[in-house]
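Before any comments, here is the structure.
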Amino acid sequence: MAKIKHNNFLDTVDDVFSNAKQEGVLHLHSEGLVLNGNTIKVKGMDLKHFGTTGYLGLEQDKRLKQAAINAISNYGTQFPLSKTYISHPLYLELEEKLSAMYGYPVIITKNSTLGHIAVIPTAVRDEDAVILDHQVHWSVQNATQLLKPRGIPVEMIRHNNLQMLEEKIKKLQSRTSKIWYMADGVYSMYGDFSPIEELMEISRKYPQLHFYFDDVHGMSWKGNNGTGYVLDILKGKLPQNVILVGTLSKTFGASGSVVIFSDNELHRKIKTYGGPLTFSAQLEPASVAAGIAAANIHLSQEIYQLQKELQLRITYFNKLLSQSFLPLISQNDSPVFYIGTGLPVTGYHFVKQLMDNGFFVNLGLFPAVPVKNTGVRITISLHNTLADIDQLFEALEYHYKKALLATGNTIERVAKAFKLSVNPKEVPPAPITDLYIYYYNAIKDIHPNTWNKMVGRNNIMDSEGLQFLEECFKGNSKKEHNWKFHYFLIKDRNQQTVLATFLSESIWKDDMLSPEKVSKAIEEQRQADPYKMTSKVIATGCLFTEGAHLYLDQEHPQKETALRLLLRKIEELADKSGNAMTVLRDFSPKTQVETLLQKQAYIPVSMPDSCVMQNLDWRNEQEFLDRLSKRSRKHFRKDVKPFEDYFDIHIQNKPNSQDLQLYYELYKEVKSKNFGLNTFTYPIRVFEKMALHPNWEFIVLRLKNSQNLAGVMFCYKNQQRVYVPSLIGMDYNYNKEFQTYRQLLYQTIKRAKDLKFKQIDFGFSASFEKRKLGVTIIPKVAYLQANDNFSLEALEWLRKD
């Protein structure tokens, strides 16, 4: 019955990237006939290049370029055969040189993404388990998706959280063989390091623990023979429980990837049959030849001079930043620097200003980083001179201040987002506004006429409806049934209302909007722990309401300022109460509000469709049918109208306690069978208050022959002439034979018509059935912002669909 459209993670990412593309900071195209590493032409502008991952500049080395040219002349543009059959003549030489660099057997792959897909499903056995660092590269996380159909546990820990890692190991050690921890050596966004020495110490404590390190960003600029950060910390000795992945691209200067093994048998097995290694094309001759030339440099003393020159630039930039107010997220000796902006809108503005003034840098945004940790990634390479770095630093300080001011952001908010202790120096104050914000914690403090002409026109959101909800959800025995309400009015200097809304704080199930299969699996775990994977959430509206929870005067010139002011107040409430997530619900997609909210660090997710019927001005059944499609009329005549005579239909205003208990049992029966919108079951106290409230009534269906109770619709009469069938109860034993659900929908329409109401808010779920009766289906979207204490386990489950 309750079929619900669920959010797709890829749709969310598409929205975020499309917004950044529209802002002109993503999916750009370089121009020109020549690249030199120091500058890059974008939109007709020659920009100093501070976005490359070729930290040593070897991609422009004449020896590598000439080797590639010679290989094309001698061997052609490609060698179109799988390596399983035969590799082209240069391959063996490259393998031998890479083995000489590392001192261990290696496998060359087309790129690191295919390398992970080749190695991980082969190395990880069915009896093993995997733990991912939350920020390990996407290509690693993607490869582990292949393990899940085999029943291999894949779990996640917060970034570099060793306490959490030990907790996961203890949980898994009794039921698994090997436990693989997968992490980056150097993380691509913040430039911070994996705590290799501490991890090795933990592995001595837990012999099951094995490691899979992606060290592509630690390659070449660090370590003996440029073999990277991980092997440098391990002093060149690769333990038996470690698989290491490096790159032949990026700093190495060529193309491809390399996997290093200390386990000879595992190396043999993966090289013999490792997925893409068997069925994918091999590296082109030009790439292999360039790789050989790069390996020669790595095997010479020259690599150490290049490392030294790069470290000089890194140290110089670190010194400049240490004297600045700029929020550097991780200070270390890697060539990757991340300046936090917090809000995406600040990041967009900052990047665009830097581009307009001659500097190309990278924007770090969701899902590469958490949405509230947007920032600018700057990479230092040997292409950059010290004078270039000086100019960049001056531009960073100048335009960072302007970006904060232009986007209503502050250095304190940025510091809070990244858990930094920042001492602001010469940073702009918070922008001044002439809007006035009024806060209330009870609807009775707002005049009904003021409220009802804005938010109160919808659902159970008129003044009386909200008083009802406030009374129902306080003083209950269980914490999930106690809600806190917040009301905001924002007015201009003339006391004209620009914005009005209400929010609630309550306990949500983290899987509320997940597919049914996910919620069913989690509900089994909740048999032992009712509050497993639940979070305290602050949201517009409340779990009982649906529809337009936010009134915004679209004609007012300060509407965007008012919305930003509201978001700041919500942020303060969330911090004060320790809420794990903020949810702004039930907006129409693709509006100006969506763009603004995304810029303010909110992620869009699809909500279930809203179902509304308007224009109840038909005079008789035939006119009602005339408004339906041909197919819907056929459905009505076959599956709805003939069953009306099977029921005695009553409208009850004040049911007695015995009837009310029966209605409540039917509500719970429906609730127990529907996981499409997975919320806590309401207590009977809510229904007892319904029975005493003049705005509530019950549409009751009993079978004529037996007088057995078949179904009940719990309906609210919004005094703005909106009829709200809020909840439903049914005996499923009768539904299939007598079409109880469809009959309840039809009787609801008839009742609203009899009352001369102008609209019916049918809420979420079963939109297909409702559409057949002429109900309009309206797509809705919500905007989420996860706070620091949101369950990481919930994030794992939410990715499983």
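The values are calculated or read from the model by the stated rules, or taken from the named source; none is laboratory data. Every value quoted in this text rests on a predicted model; they were computed, and no experiment measured them. Positions of Cβ are generated from backbone atoms using ideal geometry, with glycine treated the same way; all protein chains shown enter the neighbour counts. What goes into the accessible areas is simple: the full protein's heavy atoms, side chains included, and nothing from ligands, DNA or RNA. Shrake-Rupley method; radii C 1.70, N 1.55, O 1.52, S 1.80 Å.
Annotations
- As a length-normalised measure over Cα pairs under 8 Å and 6 or more apart, the relative contact order of the chain settles at 14 percent.
- Trypsin sites (Lys or Arg not before Pro) within region 176-273: DSSP coil, no more than 13 neighbouring Cβ in 10 Å: 235, 237
- The string of couplings for region 54-65 from the Karplus curve (6.51, -1.76, 1.60, θ = phi - 60°) is x, 4, 9, x, 6, 5, 9, 5, 4, 5, 5, 5 Hz, one whole number per residue in order, with x for Gly and Pro.
- Nearest-10 value in Å² for the accessible area of residue 56, using the 1.4 Å probe: 10
- Region 516-533 - phi-based ³J(HN,Hα) in whole Hz, Karplus 6.51/-1.76/1.60, Gly and Pro as x: 4, 4, 5, 5, 4, 5, 6, 4, 4, 6, 6, 4, 8, 9, x, 10, 5, 6
- Rounded to the nearest whole Hz, the Karplus-based 3J(HN,Hα) values (6.51 cos²θ - 1.76 cosθ + 1.60, θ = phi - 60°) of region 624-630 follow the sequence 4, 5, 4, 8, 8, 6, 4, with x at glycine and proline.
- For region 676-733, a simple Cβ point-charge model (Lys and Arg +1, Asp and Glu -1, everything else neutral) yields a dipole of about 140 debye relative to the Cα centre.
- Alpha carbon convex hull of region 466-520, volume per residue in cubic angstrom: 122
- Listed residue (100, 180, 400) projecting farthest to the positive dipole end of the chain, Cβ model: 180
- Value of [θ]222 nm, deg cm²/dmol, for the chain, DSSP H segments ≥ 4, -39500 (n - 2.57) each, nearest 500: -11000 deg cm²/dmol
- Note on region 11-113: Cα convex hull, mean projected area over all directions, 10.6 nm².
- Mean-position separation - Cα centroids, region 42-70 and region 345-393, in angstrom: 18
- Equivalent-ellipsoid semi-axes for the chain (Cα gyration tensor, √(5λ), whole Å, largest first): 57, 32, 24.
- Rounded to the nearest 20 debye, dipole of the chain from Cβ charges on Lys, Arg, Asp, Glu: 1820
- Magnitude of the charge dipole for region 246-307, about its Cα centre and with charges confined to Cβ atoms of Lys, Arg (+1) and Asp, Glu (-1), is about 140 debye.
- Comparing 477, 715, 193 along the charge dipole axis of the chain, the residue lying farthest to the positive side is 715, per the Cβ-charge model.
- Under a 5 Å amide H cut-off, with hydrogens placed 1.01 Å from N, residue 363 pairs with 377 among residues at least 5 apart or on other chains.
- Separation of alpha-carbon centers, region 233-301 and region 722-759, rounded to whole Å: 65
- Sparse-neighbourhood loop sites, trypsin sites (Lys or Arg not before Pro) in region 580-673 - DSSP loop, at most 10 other Cβ within 10 angstrom: 619
- Tilt relative to the chain, helix 463-472 - C-alpha long axis, 0 to 90 degrees, to 10: 80
- Whole-angstrom gap from region 115-137 to region 662-691, using each part's C-alpha centre: 43
- A straight Cα-to-Cα reach below 13 Å connects residue 97 with none of the aspartates and glutamates, residues fewer than 8 places away in its own chain not being considered.
- Within the chain, the longest run free of GluC sites (Glu not before Pro) that sit in a DSSP loop with at most 14 other Cβ atoms within 10 Å is 128-425.
- In this structure region 80-228 gives 38 Å² per residue of accessible area when probed at 1.4 Å with all protein chains present.
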